[in-house]
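All of the numbers you see were taken from the coordinates with simple rules; none came from a lab. Only a predicted model underlies this, so the values are computations on that prediction, with no experimental measurement involved. Neighbour counts are summed over all protein chains in view; Cβ atoms, including those assigned to glycine, are modelled from backbone coordinates with ideal geometry.
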Amino acid sequence: MTAYSFLVGVAVKSSAVLAMAWLAAWLLRKRPAALRHLVWTSAAASVLALPLLTLVLPAVRMPASGALLALVPDITFRTDSTASAAAAVRFGLAAQQTRPAPAHSPIDWRLFPMLLWAAGALLGVAQMVVGGRVIAGARRRTHPHPAQVESVALAEAIGVGHAVDVLEAPAGSMPMTCGLLRPVIFLPADAGDWDAERRRVVLLHELAHVRRGDAGAHILTRLALALHWWNPLAWLAWRESLKERERAADDLVLLAGERASAYAGHLLEVARALQSKPPVAWAALAMARRSQLEGRLLSILDPHVPRNSVARVSALAIALLAIMTVAPFAAMRAQDQPAPQATSPQDVEATIQPPPITRRSTWQPGNSPGTSSSTARRSCSKRLSSFAKRVPGGRARNMSRG
Ligand SMILES: [Zn+2]
């Protein structure tokens, strides 16, 4: 398996996984947003696991049609004949058995898409690293926000079992959550001037992300996008994941007892007045994006939308199950159909019976019976040698001696 065939295989299989995730999310469109977000997170985890599984799992060879083989010839494994090349030439079958060797050019054109893919992926990962470092620096430099005191009771109300640090961000910046192992909430310095209800719903929303473990899902989905930046399905997965994540957090806030109309009003005002800027936005979970606002508000205000959450343990189990499900898929390799037997010279084991020797045909006056027998043996031996030479890779067993 060459690097090119490996990448083509990963691209095809990842696209299939993302397409299946899209289908699953569509089928679950009337179910809670948390479930659809789990589908997209599991798809991202599966897409990230696919290259590793392809490398470590033994290949399972699957027959493929000629059209696919023509499209991606390097993805296939060919069946080797056990006959020697010399034997094939002797039988005049070389032209049917071997493909013409490709003409070698000084530069392999496949290098360009591979380098382009790698460059885009590196750029995406670099963006994540820069965003993470900027946030880490902000965490070190800033100090606790006065709203930290209010967050303790709210964390308990929404089901977060531990205290979460609330840190101060520049005035006018979007509230956000970040951090995988020790999540923190950034609130703008001017949040102290908001009315208490807005501060409460904003804190509840950010604490909902902490309870759901959305920082981990964010990293997985962002990594999947970075590695498959050229794939429109990866961008679809990214946008849908963000949308469903925010809706799932909104659902938790409403389940905690907030009035839908009041919450929608505060969300609208936060999205209008505040904004997040890169590079922090690359690595953090911003509270509101204007592009998603309309759908979110409709979902918040619709009393018929199911808002159940998914327990973290169940979510982890489902994501692991999804990865295990794609394992056999990762092991698959396309393989061309074996050539028909008639055109494939294989090792031949020939058993040669000499013609019956009779006195009538070989005896001449003056010859003894012994002379007749040795003449027949010599004749048979010559015919046997001649036949054995014509059989490729074959063995001849002279039955006349045994
Ligand atoms: Zn949010």
- Message: If I take R0 = 35 Å and measure r between the Cβ atoms of Arg133 and Ala262 in this structure, what FRET efficiency does the formula 1/(1 + (r/R0)^6) give, to the nearest 0.05?
- Response: 0.40
- Note on the structure: The relative contact order of segment 111-305, taking Cα pairs under 8 Å that sit 6 or more residues apart, comes to a percentage of 27
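For His162 and Arg333, what does the FRET efficiency come to when R0 = 45 Å and r is the distance between their Cβ atoms, rounded to the nearest 0.05?
0.45
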- Taking 7 Å along the Cα-to-C-beta vector as the label spot, tell me the Leu236-Ser291 distance in nanometres, rounded to one decimal. 1.6
- Does anything in segment 6-31 have its amide N under 20 Å from the 7 Å Cα→Cβ label point of Leu123, and if so which residues? 11
- What is the gain in length, in nm to one decimal, between Glu197 and Ala59 on full extension, counting 0.36 nm per residue of separation less the C-alpha to C-alpha distance? 43.9 nm
